[in-house]
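Step one of this worksheet: look at the structure below.
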Amino acid sequence: MAQSIYGIETSAVEEVFFLPEVTPVLEAPREIVGLINLRGEILPIVDIYLRFGYHSLEYSLTDNIIVIQYHNRRIGIIVNQVREVRTFPTTNISKNLGYDRENEEEKEISLQKGIARTEENIVVLLNPESLTLTAKKNGDHDSENLLNININELEELKRESEHELQELRLFLPNISPEERTILQERSLALMSQNELLDTHHFIPLAIISLGTEIFGIDLKIVREFTDVLKITPIPCCPSYIVGNINLRGEIITLVDICGLLALPWSKQSSQTKVVIVDVEGLVIGMIVNEVFDVLLLDPAKISPIPTAIHSVKNEYLQGATTYGEKMLGLLNLAKILTSGGLIVDEAI
């Protein structure tokens, strides 16, 4: 989150998804920014920065919600990015943070479990037990009461948030109508996913944009999303080879596949991301204009490629599906990377 890096043990993480629309609750504890309907259950959403006593950060569509469950207590926390899963040797973890409190009760509910050291960063390890404990009571509703809110009450809170809370705690009040629609679509998807639904054969997709077109890419070959780091140009390479980046000590080549797809070359902006993909051991960074969403796609909803979907070369598409009111093509990244001429002979 922001410039701070936090870690939480994977055994406490239930799932991760992109930020949906959140319903504010006027009398909730300060760190609970609102509630969402997750498959018929109400989930409080916590801002860790507020929980630490800091000012809240600006949220964006690329933020994630991490669902944490510990001893039958369940919350969601907002983070800017989920970076990776990493194993830390115990020798690299410091549990004595150097500011012991005299109050034993405060020790027990510490939000920090320790500090882990890496070659690049200091990682603050969060305590899932403390994160999921009832929020401090300060005359407002506590988080245990929020967990008892039912779906009908949540709908009533939504109506209240449109009126009474508009000036007080309306979630992301300044976003565009298009961005609000994306948040609402994500909420509907989370709400409608039946826990008993067999999603074993569903395809996990990331929804990205290249130029003015949107596409879906299979998350199974996506290793991570990252910001555009310092790029080192590579001499005597084709125009689609952008250069190399150093990602935590690993040198990764960046490519721009727009030309291959007969699209205009990408222009970098504050929304530009790099998608790190691994296809049969070939690791490459792909520049995209924006990452919109992550979702599960029912294969039954994949249709043949409409002739008017866009000007992309159909040989690199696996089909098409709907995303909101738009049609998007499903990129065959494996074919693009292995058969699209992106592998450059070392002699060049």
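Order 299-305, 47-53 from most to least packed using the mean count of other Cβ atoms within 10 Å. Don't skip to the answer; put the middle values down first.
Working: 299-305: 12.1, 47-53: 16.7.
Descending packing order for the listed peptides: 47-53, 299-305.
Rank these residues by their accessible area, most exposed first, probe 1.4 Å: R223, R186.
Values: R223 100, R186 10 Å².
Result, largest first: R223, R186.
Largest first, how would E14, E280 line up by accessible area (1.4 Å probe)? Provide the component values of the computation, followed by the final result.
Values: E14 80, E280 175 Å².
Order by accessible area, largest first: E280, E14.
Residues with beta-carbon under 15 Å from that of S270, excluding S270: net charge, scoring Lys, Arg +1 and Asp, Glu -1? Before the final figure, lay out each step's value.
Numbers: positive: K267, K273; negative: E58, D63, E179, D227, E290.
Surrounding charge for S270 is -3.
Tell me, what is the 1.4 Å probe accessible area of H55, in Å² to the nearest 10?
150
Specify whether the C-alpha gyration tensor of the stretch 171-296 places it in the rounded, prolate or oblate class, a ≥ b ≥ c being the square roots of the eigenvalues: rounded for a/c under 1.5, otherwise prolate if a/b is larger than b/c and oblate if not. Before the final figure, lay out each step's value.
Working: a/c = 2.20, a/b = 1.57, b/c = 1.40.
Prolate is the answer for the stretch 171-296, as a/c is 1.5 or above and a/b outweighs b/c.
For the residue pair Y54 and L229, what label-to-label distance in nm results when each label sits 7 Å from Cα along the Cα-to-beta-carbon direction?
Those two pseudo-labels are separated by 2.2 nm.
Would you mind getting me the FRET efficiency between V283 and N72? Use the beta-carbon distance for r and R0 = 35 Å, nearest 0.05. Please list the in-between numbers first.
On the way: r = 40 Å, r/R0 = 1.13.
Rounded to the nearest 0.05, the efficiency is 0.30.
The values are calculated or read from the model by the stated rules, or taken from the named source; none is laboratory data. Quick caveat: nothing in here was measured; it's all calculated off a predicted structure. Virtual Cβ from ideal backbone geometry, glycine too; neighbours counted across all protein chains shown. To get the accessible areas, we keep the full protein, side chains included, count just its heavy atoms, and leave off ligands, DNA and RNA. Shrake-Rupley method; radii C 1.70, N 1.55, O 1.52, S 1.80 Å.
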